[in-house]
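S.K.: Next up is a structure, given as structure tokens.
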Amino acid sequence: MFKFLEIKQIFPLFIFIIIACSSPKNISADKSFLNNSEEEEIISTENDEINEIKNDIIEDLDIQLPTNLLFRDHNYVPSIASVQCYRKGFDQSIPIIAFESSEQIILKFDDFTEDRKNYYVKLIHCDALWTPSPLETHEYLDGFDQDEIIKIDPSFNTYHNYTHYQYTFPNDQLKLSKSGNYLLIIFDDNDINKLVLTRKVYLRHTRAIIEGQVTKPASPKYIYTNQAIKFNVDLNGFDVNNIFDDVRVIISQNNRWDNMIADLKPTFANNSKLTYYHQDNNHFPGGKEYRTIDTRNLNFQSERIKSIITGNPTRIILKTDEFRSFINKMEWKDLNGKFSIATTEGENSDLESEYTKVDFFLKPVHKKEYDEGNIYLFGAMTNWEIDENYLFKYNYNSHLYELNLLLKQGVYNYHYAFINHNDKNVDIGFIEGNSKDTENDYTVFVYAKSLGENYDALIGYKIINSVKHE
């Protein structure tokens with residue numbers, strides 16, 4: 001589906017290789033030129049091919065993996081809540097650490113099952129596109145191939161009881177020996193078929209040098225709504241056999257993976273220095289600043305809270321949200337879709353934060369337009385997934401879309417996602433709108449296969465902000 005044209009131009013001092021790309025792989029790429037049946041056929045064919053390749057690789061692995069294992073952030077049991085995964089010391093960070101450093105990744109989560117569970121940890125090495133790599137376990141792990149979570153604490157002085165689990169790695173039991181993508185798997189009772197949750201984590205080399213900026217797309221159609229990413233990569237002496245086959249670049253927006261741009265090819269290449277400037281297709285809808293709720297203090301009604309009803313559990317009624325697609329520019333600070341667990345009423349937010357019932361309301365403009373699809377809450381709090389637990393229902397008495405969630409005290413960012421019945425793409429702009437001026441984080445991941453190796457090493461990454469410039 002994706003074709004790349006190579007044009008070689010010889011200059012007196014350098015040979016530049018120019019690649020014209022019809023389109024990099026973008027999960028939510030614009031397919032407006034297709035009718036629905038053609039689009040569904042292409043998507044189905046692509047997914048079938050990807051799944052076939054993935055299944056072949058899984059069958060060749062030295063461990064048996066569950067058939068329902070998903071290579072993304074996902075909770076498999078309903079009793080799991082408030083999952084956080086980040087680099088130690090930076091609770092809003094991507095869970096990425098430097099190779100051969102003292103940095104660690106922390107995983108935290110709650111379980112509403114009060115009985116203490118025997119949860120275990122396993123890591124699977126993956127390629128740039130999150131398919132299991134051909135490496136055997138002993139090739140990327142030093143020490144044991146799995147570990148048990150032993151830091152387990154009950155909640156303290158809360159109405160809604162829960163058990164809090166925390167795991168920190170690498171550690172003496174579980175050490176990583178290859179850079180790249182890893183799927184972190186939590187399972188119950190030493191049985192990997194009893195999946196609990198999965199999270200994407202990263203081990204990086206500090207090799208490649210990445211510099212870039214967010215700019216406007218070339219197409220007039222997108223200059224007011226989208227953001228393009230222009231960047232340069234210096235492999236910095238990392239030897240590869242073929243730059244165009246062995247170097248892979250992925251871009252994510254605010255650590256979302258449903259709309260990532262994958263397998264970009266360089267526009268220019270000069271030895272180990274690569275330029276990526278695909279203004280026609282390397283761009284994302286800008287969205288709008290995320291909506292925010294703050295439930296840290298249950299004795300105070302923050303900006304978006306209409307009322308607080310004390311009880312067991314406490315109920316928080318939010319003010320009614322409205323659609324924002326007509327607003328061109330919005331300026332306020334957000335967490336770029338993330339959430340933070342915190343309470344002002346205790347010393348240990350992990351154990352003393354309450355779970356409260358939170359009521360969300362959305363007022364539609366024209367109900368008929370919304371009948372063409374479904375509305376979901378969307379953000380890190382939903383694992384960036386379209387999850388039926390976050391589906392809004394229309395109340396014909398209040399004439400509002402409504403959703404009730406059990407959330408731990410903290411600060412939460414969210415968007416409203418519209419999923420059309422026909423194309424199934426995540427459409428943020430339908431309700432939120434899109435703007436070129438929105439503040440977003442774009443993470444550029446650079447992977448490469450070194451000479452003689454058969455796996456994607458993560459040789460560098462860079463977070464490029466659409467507003468802040470270094």
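S.K.: Could the peptides 246-258, 300-312 be put in order, highest first, of the mean number of other beta-carbon atoms found within 10 Å of their residues?
M.R.: 246-258, 300-312
S.K.: Between the alpha-carbon centers of the stretch 375-446 and the stretch 298-366, tell me the distance in whole angstrom.
M.R.: One Cα centre to the other: 14 Å.
S.K.: Test of understanding: what is the full-extension gain from ASN190 to LYS216, defined as 0.36 nm times their sequence separation minus their Cα-Cα distance?
M.R.: 4.3 nm
S.K.: In addition: So, in nm, how far is label ASN328 from label SER102 when the simple model puts each one 7 Å beyond its Cα toward the Cβ?
M.R.: It is 5.2 nm.
S.K.: For the stretch 422-470, compute the number of Lys pairs whose alpha carbons are separated by less than 30 Å, excluding pairs fewer than 8 positions apart on the same chain.
M.R.: 4
S.K.: Given labels modelled 7 Å from the Cα in the Cβ direction, how far is it in nm from TYR159 to ASN68?
M.R.: Those two pseudo-labels are separated by 3.2 nm.
S.K.: For the chain, what does -39500 (n - 2.57) per DSSP helix run (n ≥ 4), summed and divided by total residues, give at 222 nm, in deg cm²/dmol to the nearest 500?
M.R.: Computed ellipticity for the chain at 222 nm equals -2500 deg cm²/dmol.
S.K.: Go ahead and collect, in residue order, the members of the stretch 405-440 whose backbone nitrogen is under 12 Å from a label point 7 Å along the Cα-Cβ direction of ASP359.
M.R.: Zone members listed by number: 405.
S.K.: Show which lysines lie in cross-link reach of LYS117 when reach means a straight Cα distance below 25 angstrom and same-chain residues fewer than eight apart are skipped.
M.R.: In chain and number order, the partners are LYS88, LYS108, LYS151, LYS175, LYS194, LYS200, LYS408.
S.K.: From Cα pairs below 8 angstrom and at least 6 apart in sequence, can you work out the relative contact order of the stretch 61-204, rounded to a whole percent?
M.R.: 32 percent
S.K.: Estimate the FRET efficiency between LYS175 and ASP91 by the formula 1/(1 + (r/R0)^6), using the beta-carbon distance for r and 22 Å for R0, to the nearest 0.05.
M.R.: Rounded to the nearest 0.05, the efficiency is 0.40.
S.K.: Semi-axes of the chain's equivalent ellipsoid from the Cα gyration tensor, sqrt of 5 times each eigenvalue, largest first, rounded to whole Å?
M.R.: Whole-Å semi-axes of the equivalent ellipsoid: 36, 30, 21.
S.K.: Could you list SER101, SER177 in order of exposure, starting from the residue whose Cβ has the fewest other Cβ atoms within 10 Å?
M.R.: SER101, SER177
S.K.: So for each of 285-295, 368-378 I average, over its residues, the number of other beta carbons within 10 Å; can you give me the resulting order with the highest mean first?
M.R.: Packing order, densest peptide first, comes out as 285-295, 368-378.
S.K.: Express as a percent, rounded to the nearest 5, the fraction of DSSP beta bridges in the stretch 291-432 (both residues included) that run antiparallel.
M.R.: 85 percent
S.K.: Counting DSSP beta bridges with both partners in the chain, what percentage is antiparallel, nearest 5?
M.R.: In the chain, approximately 95 percent of DSSP beta bridges are antiparallel ones.
S.K.: Moving on to the next point. Can you order the peptides 137-149, 221-233 by their average number of other Cβ atoms within 10 Å per residue, highest first?
M.R.: The most tightly packed comes first, giving 221-233, 137-149.
S.K.: Can you tell me the length gained on complete extension of the stretch ASN299 to GLU369, counting 0.36 nm per residue apart and subtracting the Cα distance?
M.R.: Full extension of this stretch gives 21.3 nm more.
S.K.: Please report the relative contact order for the chain, taking Cα pairs under 8 Å with a sequence separation of at least 6, and give it as a percent rounded to a whole number.
M.R.: 17 percent
S.K.: Would you please give the FRET efficiency between LYS468 and THR275, computed as 1/(1 + (r/R0)^6) with r the Cβ-Cβ distance and R0 = 25 Å, to the nearest 0.05?
M.R.: 0.65
S.K.: Say each of GLU136 and LYS151 gets a label point 7 Å from the Cα, pointing the same way as Cα to Cβ; how far apart are those two points in nm?
M.R.: Placing both labels 7 Å beyond Cα along the Cβ direction yields 3.3 nm.
Read-outs: derived from the displayed coordinates by stated rules, not from any lab. The structure presented is a predicted model; accordingly, all values stated were derived computationally and were not measured. Don't worry about glycine lacking a Cβ; one is built from the backbone with ideal geometry, like all the others, and counts go over all protein chains shown.
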